[in-house]
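The values are calculated or read from the model by the stated rules, or taken from the named source; none is laboratory data. Just so you know, these numbers come straight off a predicted model, no measurement behind them. We place every Cβ from the backbone using ideal geometry, glycine too, and count neighbours over all the protein chains shown. Keep in mind that these areas ignore ligands, DNA and RNA; they rest on the heavy atoms of the full protein, side chains included. Shrake-Rupley method; radii C 1.70, N 1.55, O 1.52, S 1.80 Å.
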Amino acid sequence: MALFGYIPRNSQVHRLTGATKLIFTLALSIAAMITFDTRFIAFVIALSIILFAISKVRLSELKAVLVFITIFLVINNVAIFLFAPEHGVMIYGTRHELLRISGRYALTYEQLFYQLNVTLKYFAIVPVALIFFLTTEPGEFASSLNTIKVHYKIAFAVSLAMRYIPDVQRSFREISQAQQARGVDISKKASLKARVGGILTILFPLVFSSLDKIEMISNAMELRGFGRLKRRTWYSARAFSKWDFAVITVSLLCVGLSVLTLIVNGGRFYNPFTNPF
């Protein structure tokens, strides 16, 4: 199975148009990025979990992606604390020390609360983005973009990019297996230097094979006269249903609610240290 690509399922999320899912993903991402209100972010997380369950995508199918995201999240939190251990204190205007470590490093409730919000933002945005990529068939997504007046050349380019992700993953595995058959060891038993060198021997053939495929696709599209006409039809085009309009409405309401938190909190940050409610 591809590391990251479309997974066909019979779910209500899959039956939504690609444009609807794109609008929903962008709206919730913008809403979650606008504010640091923990209550609103928790609401977005709950909404993301519900949609993830409805989509019928299994977590076991995302193991590699989730491991990568977890590693990045840990590195990000450690870096925040190392370079700005008092950032939370500066934001919330109070200081409640929990543990003194050394020098300028001390654990404060304000810093922990700030980094908790940063972590929650990942849990709010990542599931929505995964749902979009895993439940949207590239051809149908391109036709949906064209439906909302995105030029078909741009829509087709996005479709090709989405289709090409599994191809790159497949090519990487094939080249990796070929290199390992020649004695290149990239397993955990090899040293870090050997593994990096082995991966480089895979990346160079992968880049050249990708360029060959791009040239082949470009020539095929040019021979078929792609881009000659101002408009085109789509085999997988679908009309917006009542569920599409309902999801778009919820998306816009989420953005509006996020903006409302800015007014209620007097800024981006919800401060439980001075306003516990």
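Note: relative contact order over the range 1-91, using C-alpha pairs below 8 Å and six or more positions apart, is 44 percent. Averaging the sequence gap over all C-alpha pairs within less than 8 Å and six or more residues apart, then dividing by the number of residues, gives the range 97-196 a relative contact order of 12 percent.
Between V150 and N219, the distance separating the two model label sites (each 7 Å from Cα on the Cα→Cβ line) works out to 2.9 nm. Scanning the chain for long hydrophobic helices, with DSSP H runs required to stretch 18 angstrom or more by C-alpha along their axis and to average at least -1.0 on the Kyte-Doolittle scale, returns 18-34, 38-55, 63-83, 109-135, 152-181, 192-223, 242-265.
Projecting label points 7 angstrom from Cα along Cα→Cβ for I34 and I80 puts them 2.1 nm apart. Could you let me know the centre-to-centre spacing of the range 209-256 and the range 1-79, using Cα atoms, in angstrom? When both Cα centres are located, 21 Å separates them.
Quick one: compute the contact order of the chain, relative version, from alpha carbon pairs under 8 angstrom and 6+ residues apart, as a percent. Taking the mean separation of contacting Cα pairs over the length of the chain, I get 34 percent.
Relative to the Cα centre, the charge distribution of the range 1-75, modelled as +1 at Lys and Arg Cβ and -1 at Asp and Glu Cβ, gives a dipole magnitude of about 260 debye. In the assembled protein chains, R104 presents an accessible area of approximately 130 Å² (probe radius 1.4 Å). Using only Cα coordinates, the Kirkwood hydrodynamic radius of the chain works out to 22.1 Å. Ordered by solvent-accessible area of protein heavy atoms (1.4 Å probe), largest first, the residues Y114, Y122 come out as Y122, Y114. Do the alpha carbons of any pairs in K56/K149; K21/K56; K63/K149; K56/K242 sit beyond 27 Å of each other, and which pairs? Too far apart for the 27 Å limit: K56/K149; K63/K149.
Calculate, for L260 and M90, the FRET efficiency according to 1/(1 + (r/R0)^6) with r their C-beta to C-beta distance and R0 35 Å; round to the nearest 0.05. That pair, L260 with M90, gives E of 0.90.
Ranked from largest to smallest solvent-accessible area, with a 1.4 Å probe on the protein heavy atoms, S209, S55 come out as S209, S55. Taking a straight Cα-Cα cut-off under 16 Å and skipping sequence neighbours fewer than 8 places away in the same chain, the aspartates and glutamates within cross-link reach of K121 are D37.
Per-residue surface analysis assigns V150 an accessible area of about 40 Å², computed on protein heavy atoms at 1.4 Å probe radius.
Across the options F269, T35, A194, the greatest Cα extent toward the positive end of the charge dipole of the chain (unit charges at beta carbon of Lys, Arg, Asp, Glu) belongs to A194.
Remark: the chain carries a charge dipole of roughly 560 debye about the Cα centre, counting +1 on each Lys and Arg Cβ and -1 on each Asp and Glu Cβ. Rolling a 1.4 Å probe over the protein heavy atoms leaves M90 with an accessible area of roughly 140 Å².
Under the shape rule built on the C-alpha gyration tensor, where the axes satisfy a ≥ b ≥ c, the range 65-166 is prolate, since a/c reaches at least 1.5 and a/b is greater than b/c. Just the protein heavy atoms count here, and of the accessible area of the chain at 1.4 Å, carbon and sulfur take up 70 percent.
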